[in-house]
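S.K.: Sharing a structure, written as structure tokens. Questions coming.
The values are calculated or read from the model by the stated rules, or taken from the named source; none is laboratory data. Owing to the predicted nature of the structure, the values given are computational and were not obtained by experimental measurement. In this analysis, Cβ positions are derived from the backbone assuming ideal geometry, glycine residues included, and neighbour counts consider all displayed protein chains.
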Amino acid sequence: MVGIIVYVVQTAGQSVAPTGAEGTAGFAVIPAWLVFSFVHRTAIQARFHATFGKWMTGLCVVRPEDGTWPSFGYLVKAWFRSAGAALQSDTATDGEDGMPAVVRRHSESFDRL
């Protein structure tokens with residue numbers, strides 16, 4: 001909010017053309033989001049068996065075939081499947097199409113991960 005006020009005061013409310021760097025800065029958001037999403041949905045889930053949101057609600061991911069913890073490779077494949085589903089405007093369903101199933105965490109409390 002302070003930045004907006006300073007901008008308005010400095011420009012006296014007039015429109016200022018963006019520089020080349022300001023125009024391309026938004027493009028860095030897409031690769032950063034892809035990297036964050038990949039790490040969050042693969043490495044974090046492989047280590048803790050849940051993303052941050054699942055952990056906060058007492059859920060974890062398992063393989064729908066046998067109920068075991070998914071491996072890193074399994075989660076990488078699931079991430080690419082969900083990315084492909086997003087590009088096709090389709091919804092990847094938990095426990096179907098190679099996606100990990102989400103279940104209630106029974107053996108551990110919320111404060112021990």
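S.K.: How about the range 56-107: which of its residues are at pLDDT 85 or above, under 19 Å from Val39 (Cβ atoms) and assigned to a loop (DSSP other than H, G, I, E, B)?
M.R.: Trp69, Pro70, Ser71
S.K.: To continue, here is another question. Looking at Ala43, Ala50, which is the one that is touching a helix residue (DSSP H, G or I) at 6+ places or on another chain (Cβ under 9 Å), modelled with pLDDT of 90 or more and not in a loop (DSSP other than H, G, I, E, B)?
M.R.: When all the criteria are applied, what remains is Ala43.
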